[in-house]
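To start, the structure under review is shown below, and the notes come after it.
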Amino acid sequence: MALYRDPRDRRVFVPKKGGGVALNFGHPIAWAILVLTTIIPLAIVAIVTIGVLA
């Protein structure tokens, strides 16, 4: 999986050649999207799992 990073490109979502879109990690909003869609849900799952096992 290739990562796209171009700080001069103002688009957050960049179309891929084969279809679909990629995040432009040169744009600060892309990092916020990454955190909101992966790291926060993983933290919630970890907290709930620890709560259930304790």
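The values are calculated or read from the model by the stated rules, or taken from the named source; none is laboratory data. Because the structure is predicted, anything quoted here is derived from the model rather than measured. Virtual Cβ from ideal backbone geometry, glycine too; neighbours counted across all protein chains shown. Accessible surface areas use protein heavy atoms only, side chains included; no ligands, DNA or RNA. Shrake-Rupley method; radii C 1.70, N 1.55, O 1.52, S 1.80 Å.
Okay, here's what the table says:
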quantity: Simple Cβ-charge dipole of the chain, Lys/Arg +1 and Asp/Glu -1, about Cα centre, in debye nearest 20; calculated: 280
quantity: Å² per residue, accessible surface of the chain at 1.4 Å; calculated: 84
quantity: ³J(HN,Hα) computed for each position of region 34-39 - Karplus, 6.51 cos²θ - 1.76 cosθ + 1.60, integer Hz, glycine/proline x; calculated: 4, 5, 5, 9, 10, 5
quantity: Highest-fluctuation residue, Leu42, Leu34, Leu23 considered, GNM on the chain with Cα pairs under 10 Å; calculated: Leu42
quantity: Charge-dipole axis of the chain as Lys and Arg at +1 and Asp and Glu at -1 on Cβ define it, positive-most pick from Val52, Trp31, Pro7; calculated: Pro7
quantity: Nearest-ten-degree value, helix 40-53 long axis tilted from longest Cα axis of the chain; calculated: 10
